[in-house]
Amino acid sequence: MRNILQDFKKLADNKYQKFTSGLLPGVNHILGVRIPKIRAYAKTFSFEDAQNYCKNYQTKHFEEYFLKAILLARICKQIPPKNAIKLINGFIPKISNWSVCDAFCADLKIIKKYPEVFLPLILKNLKSKREYAQRTALNLARAYYLQEPYFKQILKAILELKPTKYYSQMAQAWFMCEAYIKQQRLTKPALKHLTPEVYAMTKRKIKDSYRVR
C-alpha cells in the first residue's frame, strides 16, 4: 500500500486548507488538497488497490475519507448490485460531512441502472436518525427516483421525514424543489406537509430556479 497520507501532504495547499475548513465547520484534520486533485489521484488506483484501500486503510483526514468515497463508488460499479448495497450501507454511518456525502452520492451511478434493487436502501436510510444517512438517501432519491414507477412511493417516504439537522433539511428542500420542477402536479399539494424550516428552504429554492415558470 502506497503512503497515501504523504502523497496528499505533497498535494496540499495551505490557503485551500483554510478555505475548506470554512466550508466544513466542525471537520478536523483537513490537509487542503483540492477536489480535482483527489479525483485525479483516485484514477491511479487499480480495482484491487481500491478494494485494499477501502477495506484496510485507516482513514483520519478529510481527504482520505473523500478518496474512500470515490473509490467505493467506483468499486460498486464493478460488482453485483447486492454486494454494492452492503458496501454502501457499511460506509454511510461513517459519513460526517456534506462534501463526502455529496461526492459519494454523485458517483453512485450504478443506482440508475438498478433502481428497483436499490430502492430498499433509500427507504431504509430515510428512516435513519443520522443526519448524513438522511442526506445520502435524499440525494440519491433526487438523482434517481423522480420518475415513475418510484416517485409516489419516494415522495410519501420523504414527506414522513421531519429532519431537524441543517444538512438533511437542506437535502429535503433540494429534493422537493427538483420534484416540483419535474412532478409539479403531485408535488405542489405535498409542500404543506413539510416542516416550516424545510418549507421555507424549498420555497426559496423554487423561487431561485430558472426552470420554474
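The numbers here are math on the coordinates, done by the rules we state, and not lab data. Please read these numbers as outputs of a predicted model, since none were measured by experiment. For neighbour counting, all protein chains shown are included, and Cβ atoms are generated from backbone atoms with ideal geometry for every residue, glycine included.
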### Query
Taking the chain as a Gaussian network, Cα atoms linked when under 10 Å apart, which of Val33, Val198, Val117 shows the biggest mean-square fluctuation?
Val117
### Query
Taking region 91-213 on its own, what percent of its Cα-Cα pair distances exceed 25 Å?
16 percent
### Message
Just to verify a number: FRET efficiency for Lys188 and Thr164, C-beta to C-beta distance, R0 = 35 Å, to 0.05?
### Response
0.90
### Task
Just report the Cα centroid separation between region 121-145 and region 21-63, whole Å.
22 Å
### Task
Can you tell me the relative contact order of the chain? Whole percent, Cα pairs under 8 Å, sequence separation 6 or more.
13 percent
### Message
Net charge within 10 Å of His29 by Cβ-Cβ distance, Lys/Arg positive one each and Asp/Glu negative one each, not counting His29 itself?
### Response
-1
### Summary
So for R0 = 41 Å, FRET eff. of Arg204-Ile79 from the Cβ-Cβ r, to 0.05, ends up at 0.55
## Note on the structure
Among Ile154, Gln134, Tyr166, the residue whose Cα sits farthest towards the positive end of the charge dipole of the chain, when +1 is placed on the Cβ of each Lys and Arg and -1 on the Cβ of each Asp and Glu, is Ile154
### Message
Could you derive backbone 3J(HN,Hα) for region 87-104 from the dihedral phi with the Karplus parameters 6.51, -1.76 and 1.60 (θ = phi - 60°), listing whole Hz in sequence and x where the residue is Gly or Pro?
### Response
5, 5, 5, x, 8, 3, x, 8, 6, 10, 7, 5, 5, 5, 4, 6, 5, 4
### Query
About the Cα centre of the chain, what is the dipole size in debye to 20, counting +1 per Lys and Arg Cβ and -1 per Asp and Glu Cβ, all else neutral?
460 debye
### Structure-based [θ]222 nm, the chain - -39500 (n - 2.57) summed over DSSP H runs of at least 4, per residue, nearest 500
-20500 deg cm²/dmol
### Among His29, Ile4, Tyr16 - extreme Cα towards positive end, dipole of region 1-67, charges at beta-carbon
Tyr16
### Message
Output the 0 to 90 degree angle, nearest 10, between the alpha-carbon long axis of helix 166-182 and the longest principal axis computed from the alpha carbons of the chain.
### Response
60 degrees
#### Entry: Within region 162-213, chymotrypsin sites (Phe, Trp or Tyr not before Pro) in DSSP loop having at most 16 other beta-carbon neighbours inside 10 Å
Tyr210
### Message
Using only the alpha-carbon atoms, how far is helix 62-77 inclined from the longest principal axis of the chain? Give it as 0 to 90 degrees, nearest 10.
### Response
70 degrees
## Note on the structure
For the Ser46, Leu23 Cβ pair and Förster radius 25 Å, calculated FRET efficiency rounded to 0.05 is 0.20
### Query
Around Leu140, with a cut-off of 12 angstrom between Cβ atoms, what is the net charge of the other residues, counting Lys and Arg +1 and Asp and Glu -1?
+3
